[in-house]
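To start, the structure under review is shown below, and the notes come after it.
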Amino acid sequence: MPIDRPRLLLMIGSACALSACAEPHGGVPYMGGPTNFGEANRQTMAAQVVNPLPVYDTPLPETSGEHAEQAITRYRTDKVKRPANAKISNVATVAASAAGN
């Protein structure tokens, strides 16, 4: 009795899925043994930890709570100080020069 195509695909898919559950080397992680298991996770977590006692090359500038309060008040009342000449980039100028304009 020949096997129809959908049943054959189902059998192949099941075999592939079940083979993924097999553990090589008798269940021992094969990338360095049990002592190395999870090292990538530990390294990633360590990279995300912030230094609680940072050392800076230059001293931090003095801050003022009163100055910050004034800035927040201006922001909330929509009276933010606009920069005098805010120019983001010169891409348009460079593109025009390259085009020969």
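FYI, it's all coordinate maths here, none of it is from the lab. Since the model is a prediction, treat every value here as computed from it, not as a measurement. Quick reminder, even Gly has a Cβ in these numbers, built from the backbone with ideal geometry, and neighbours come from all protein chains shown.
Can you pull out the GluC sites (Glu not before Pro) in region 43-88 whose DSSP state is coil and whose Cβ has at most 11 other Cβ atoms within 10 Å? Numbers along the way, then the final one.
Numbers: sites: 62, 66, 69; in loops: 62.
Within region 43-88, the qualifying GluC sites (Glu not before Pro) (loop, at most 11 other Cβ atoms within 10 Å) are 62.
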**Asked** How large is ³J(HN,Hα) for each residue in region 71-83, as worked out from phi by the Karplus curve 6.51 cos²θ - 1.76 cosθ + 1.60 (θ = phi - 60°), to whole Hz, x for Gly and Pro?
**Response** 5, 5, 5, 4, 5, 5, 9, 6, 10, 5, 6, 8, x
